[in-house]
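First the structure, in the form of structure tokens, and then the observations on it.
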Amino acid sequence: MLIYLATLSENAEARYGGKLAPAGILYVPASRPNLSAARDVSKEKIQREEAKKLRMNGLLIDDPDILTAMEPDAAGTYIPVVLKNGVPARRDSVVSPREMNAILRRVRDLAASMAEELHRGHLAAVPLKGDTDACNWCPYFAVCCREQEDTARQMNKWDRDAVIAELTEREEEPDGPKLDPQPAGRH
């Protein structure tokens, strides 16, 4: 979704005749959740639990006018932000317009880098590994023939503020943002 938002933001003037500024990006659950509950649980409690699971998640611009336009009371029922005294109660789901621009710039740079690598014929399977190994459940395992001891990219554990700081620092570099020297799919 970030690729779509980056593309829409970049091409808005030509397509729509003016600049568009993103208000955020939200992932909306596509189906109603399955809930388990004891027989004596009230209907209201079940509805509250269902509403929690249906809440969108993502990043929104830290602007009370935008947030209340999305959810008038900004109580966190539908959007992942609660306003208290006009300020988000937690910072994990809000970014400034500058921070959103840095995120979208990085997404565009990564997409361009991946396209260049594909164009050069670099198609190696170099999955990302973290606490779990996605290869254990991958339906394409038989196609890529990757072995457990083969090279994998390690997932860094970053907190939100560190990621935002890294991205905004890249924006301020005189030559523009720097790409990772070893993008995905390259040995």
Counted neighbours (other Cβ, 10 Å), sorted fewest up, put E71, E116 in the order E116, E71
Ascending count of other beta-carbon atoms within 10 Å, so fewest first, for C135, C145: C145, C135
Be a star and scan region 101-123 for residues whose amide nitrogen sits under 17 Å from the point 7 Å along the Cα-to-Cβ vector of R15. 104-105, 107-109, 111-112
Cβ-Cβ cut-off under 13 Å around P80, Lys and Arg +1, Asp and Glu -1: the net charge is +3
List the pairs from K45/K84; K19/K84; K53/K129; K19/K53; K45/K157; K52/K157 whose alpha-carbon separation is above 29 Å, in the order I gave them. K19/K84; K19/K53; K45/K157
Give me P(r) over the chain, computed from all C-alpha to C-alpha distances, binned every 5 Å, as integer percentages. 1, 6, 11, 13, 15, 15, 14, 11, 7, 4, 2, 0, 0
Nonlocal amide H pairs with V126, under 5 Å, H built at 1.01 Å: G185
Quick one: if you stick a label point 7 Å off each Cα along the C-beta vector at S42 and Y140, how many nm between them? 4.9
Evaluate the distance, in nm, between pseudo-label points positioned 7 Å from the Cα of K129 and of R32 along their respective Cα→Cβ axes. 4.3
Per 0.36 nm of contour for each residue apart, how much would the distance between E171 and E149 grow if the chain were fully extended, relative to their Cα-Cα spacing? 4.3 nm
Helices from the chain with mean Kyte-Doolittle at least -0.5 and a Cα length along the axis of 20 Å or more, per DSSP H: which? 97-119
As an exercise, take the mean of 1/r over every pair of distinct alpha carbons in region 1-107, invert it, and state the Kirkwood radius in angstroms. 15.7
Taking other Cβ within 10 Å of each residue's Cβ, how do S96, S42, S31 sort, fewest first? S31, S42, S96
Could you tell me what a quarter of the Cα convex hull surface of region 75-175 works out to, in nm² with one decimal place? 10.1
Rounded to the nearest 5, what % of the DSSP beta bridges within the chain are antiparallel ones? 65
Taking springs between alpha-carbon atoms closer than 10 angstrom, which of I79, I66, I46 fluctuates most in the Gaussian network model of the chain? I46
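Any read-out appearing in this document is the output of simple, stated calculations on the displayed coordinates, not a laboratory observation. This is a predicted model, so every value here is computed, not measured. For neighbour counting, all protein chains shown are included, and Cβ atoms are generated from backbone atoms with ideal geometry for every residue, glycine included.
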